[in-house]
Amino acid sequence: MATYRPIEPYTPTSEAITLASQALEAISAFIANPPDTITLAILDSDMQDTRITIPSGMFQLMVNVLQSVSRGEPVTILPHSAELTTQEAADILRVSRPYLIKLLDEGTIPSRKVGIYRRVLLQELLHYQKTEKQRQSAIMSELTKEAQDMGLYDLP
């Protein structure tokens, strides 16, 4: 299995923010309903009018990146098969490394050992994150229902 290493986040400059905003404006007609494939033309003289055809899913990924860059947000793209260090995994979950280690020790999030170090697959981390959000949402719904049943909170 290939081990992908995360790259440093791309932190947009003010010029990149402006260019991303302009690009989003130029493609706004396609964002909501893109065709099955999109052909991009690169008009730079060094590239000799190169044309690239991409599927709509890839176009949506580019739109997501442009949206983040236009807001000045740093961006990192990783394949789901990327293996992360415990610190990288903790950073993605926005938890402390000791808390992540506890989750790994409990088997809540699968991991593997590489020598004395642990590695966590990004796809496992994203699965945990998704199920945890669903669990939290269910708890909030139950608490809201209980509050309504007790007359403590009424929705309009």
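Per atom type, the chain shows carbon and sulfur on 56% of its accessible surface, probed at 1.4 Å. The residues of the chain expose, per residue, 72 Å² of accessible area to a 1.4 Å probe. Within a straight-line Cα-Cα reach of under 27 Å, Lys145 can be paired with the following lysines, leaving aside sequence neighbours fewer than 8 residues apart in one chain: Lys130, Lys133. Amide H to amide H, with H built 1.01 Å from N, Arg118 comes under 5 Å of Thr86, counting only residues 5 or more places away or on other chains. The ellipsoid equivalent to the alpha-carbon distribution of segment 1-148 has semi-axes of 36, 23, 15 angstrom, derived from the gyration tensor eigenvalues as √(5λ) and listed largest first. With the gyration tensor restricted to C-alpha atoms of segment 3-72, the semi-axes of the equivalent ellipsoid amount to 20, 16, 16 Å, longest first. Here is how the number arises for the chain: DSSP H runs of 4 or more residues each give -39500 (n - 2.57), the sum is divided by the residue count, and the result at 222 nm is -16000 deg cm²/dmol. Here's how it looks for Tyr10: its modeled amide H is under 5 Å from those of Val75, Thr76, which are all 5 or more places away or on a different chain. P(r) tail, segment 56-137: Cα-Cα pairs separated by more than 19 Å, 46% of all pairs.
Name the residue, out of Glu142, Glu73, Glu25, whose mean-square fluctuation peaks in a Gaussian network model built on the chain with Cα pairs under 10 Å. Comparing Glu142, Glu73, Glu25 in the GNM, the peak value goes to Glu142.
Would you list Val75, Val120 from the most to the least accessible area, probe 1.4 Å? Present the calculation step by step, with values, prior to reporting the outcome.
On the way: Val75 25, Val120 0 Å².
Ranked from most to least accessible, the order is Val75, Val120.
Comparing segment 80-120 with the 2.2 N^0.38 Å rule of thumb, its C-alpha radius of gyration ratio is 1.04 (two decimals).
The values are calculated or read from the model by the stated rules, or taken from the named source; none is laboratory data. Fair warning: this is a prediction, and the values are worked out from it, not measured in the lab. Please note that ligands, DNA and RNA were not included when accessible areas were found on the heavy atoms of the full protein model with its side chains. Shrake-Rupley method; radii C 1.70, N 1.55, O 1.52, S 1.80 Å.
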